[in-house]
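Step one of this worksheet: look at the structure below.
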Amino acid sequence: MSNNTLTITDNRTGKQYEVPIENNAIKAIDLRQIKASEDDVGLMTYDPAFMNTASCKSRISFIDGDKGILEYRGYPIDQLAEQSSYLEVAYLLLYGELPTESQLKDWTYNITYHTFINESIKKVMDGFHYDAHPMGMFISTLGALSTFYPDAKKIHDAECRQKQIYRLIAKVPTLGAFAYRHRIGMQYAYPDNDLSYESNFLNMMFKTTELKYEANPVLERALSVLFILHADHEQNCSASAMRGIGSAETDPFNALAGAAAALYGPLHGGANEMVLRMLKEIGSKDNVPGYIKRVKAGEFRLMGFGHRVYKNYDPRARIIKKVADEVFEVTGKDPLLDIAVELERIALEDEYFVKRKLYPNVDFYSGIIYQAMRFPVDMFPVLFAIPRTSGWLAQWVEMLEDKEQKIARPRQIYLGHRTRDYVPMEKRKFSDVAGAKA
Ligand code: CMC
């Protein structure tokens, strides 16, 4: 008997089964052979929220949640944040290796020359209410963009796929910035191909009357670091959405819109916006202990704290704290930082947080930096989605090229009624089900 197996005894039948263990996992489908009777469909695993189920094999991001380690393609996140640029990291995520000088030049060129969006997208933008949330506009216009690129449906054509990758990474900053400009009622600022990816984004966001926008190099670099930190994070909710939607062979524009919608939720990429709102609500350091008390009483969660995988300090949060100091030297310190630091200090000493291994995550400090850089709070989820686009696309390509993948289709444990006869209206009785009114 091989050591790399698991022996299971089904106490219902007394039968024994041996299933292989590969990469420290068993295949759920191997349990299907375990049946209590002839007509039994076979044993399933039940795992709401995928607490202990690997949905794919991946070579993109590695996380050791207990040690607080994050690596992209084997490179530690702190080394990338220190030495790389966002576009270089996007290349790494997608193609598995750091680019050579000429590869990076071509890659940057191709991204730069796809930044413009069809003028009709502006009309879609114009259709939104003046105070529409930019993330809603971002998600909708991503879906709308698919209508301009019907060729994107050819998802098994590697060359065509490559083109959509250029388009998407190039156009997401334009969509995000245009959503913001619509929101504040300013004319759209077009992409400037002389500028870097980050600088061009700042240009489209903040350009007013100057002939040529020039970003502050410290802020440009800070944005690049923040983009690197947000680029990928293995099988999180939005990456799983990207893979799940993409598994139906949906084009990448619509799959990405779905991933961005998942990211928008306050428990995921929407948390950065909620952190800022929370810090404003707390208002001063003195109110921190009272706020923590309410969190512990279960009134609400401490936003920017906790993580499904990290049971230690999120390594991204550590790097962001350093970036904050550099940004504040340029912009001046945001008083909300003091509240955040106090909140972190008290929470990390408190038994409630210690016991549950709740530490600051990437969203805890990022919002304070974005605010110092003049980004409005409701742009924060968009600022997460722009760099995560490269990660979503890397996950999507990996899924498409994985021969073991098929359309995602979980099973269920059905606990509802079985076959019963239709009840005519006059015979129905008021029943006490959710939503029923007498
Ligand atoms: N504040 C207070 N209590 C918390 C928090 C929090 N932020 N997070 C978890 N807990 C408690 C939770 O109540 C539970 O306690 P108990 O065992 O007594 O019921 C315990 O910790 C475990 O929580 P969980 O909900 O089972 O953990 P999860 O892995 O399902 O949730 C999470 C992970 C990130 C959704 C959650 O920690 C959370 O809601 N955090 C706040 C939102 C946030 O900051 N999200 C950004 C995540 S990082 C960016 C990204 O990648 O999206």
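Values in this text are rule-based calculations from the coordinates and carry no lab data. Computed from a predicted model, the values in this text were never measured in an experiment. Cβ coordinates were reconstructed from backbone atoms using ideal geometry, including for glycine residues, and neighbour counts include every protein chain displayed.
Loop-located GluC sites (Glu not before Pro) in segment 10-79 (DSSP state other than H, G, I, E, B) with a sparse environment of at most 11 neighbouring Cβ atoms within 10 Å: Glu38. Taken along its three principal axes, the alpha carbon spread of segment 288-438 comes to 73, 49, 33 Å, from the longest extent down to the shortest.
Here is the tail figure for segment 114-197: Cα pairs spaced more than 21 Å apart come to 31 percent of all pairs. Translational diffusion of segment 211-346, estimated by Stokes-Einstein from the Kirkwood radius over alpha carbon pairs at 25 °C in a medium of 0.890 mPa s, is 142 µm² per second. Rounded to two decimals, the Cα-based Rg/Rh of segment 101-141, with Kirkwood Rh, is 1.22. Above 31 angstrom, tally the Cα pairs of the chain and express them as a % of all pairs, no decimals. Looking at the chain, the distances longer than 31 Å represent 48 percent of pairs.
Simple spin-label estimate for Asp126 and Val354 gives 6.1 nm between the two label positions (7 Å along the Cα-to-Cβ direction from each Cα). Across the options Ser196, Val323, Asn23, the greatest Cα extent toward the positive end of the charge dipole of the chain (unit charges at beta carbon of Lys, Arg, Asp, Glu) belongs to Asn23.
Could you list, in their original order, any pairs among Lys122/Lys153; Lys123/Lys280; Lys154/Lys406 whose Cα atoms are separated by more than 25 Å? Too far apart for the 25 Å limit: Lys123/Lys280. Pairs spanning more than 20 Å between alpha-carbon atoms, out of Lys285/Lys333; Lys293/Lys355; Lys57/Lys403; Lys105/Lys163; Lys57/Lys355; Lys105/Lys171: Lys57/Lys355.
Using the Cα coordinates of segment 2-96, the gyration tensor eigenvalues translate into equivalent-ellipsoid semi-axes of 41, 13, 12 Å, sorted from longest to shortest. Neighbour counts of other Cβ atoms within 10 Å put Ser390, Ser61 in the fewest-to-most order Ser61, Ser390. In a fully extended conformation the segment linking Phe116 and Asp157 would gain 12.4 nm over its present Cα-Cα distance, using 0.36 nm per residue.
Calculated translational diffusion coefficient of segment 139-185 (37 °C, 0.692 mPa s; Stokes-Einstein with Kirkwood radius over alpha-carbon pairs) equals 282 µm²/s.
Roughly how large, in nm² to one decimal, is the mean projection of the convex hull of the alpha-carbon atoms in segment 260-307? Hull-based average projected area comes out at 3.5 nm². GluC sites (Glu not before Pro) within segment 83-112: which are DSSP loop residues with at most 12 other Cβ atoms inside 10 Å? Here the sparse-neighbourhood loop sites are Glu97.
Between Leu31 and Thr45, the simple label model (points 7 Å from Cα in the Cβ direction) yields a spacing of 0.7 nm.
Reducing segment 125-180 and segment 89-124 to their Cα centroids gives an inter-centroid distance of 14 Å. Based on DSSP H segments of at least four residues, each scored -39500 (n - 2.57), the chain has a per-residue ellipticity at 222 nm of -15000 deg cm²/dmol.
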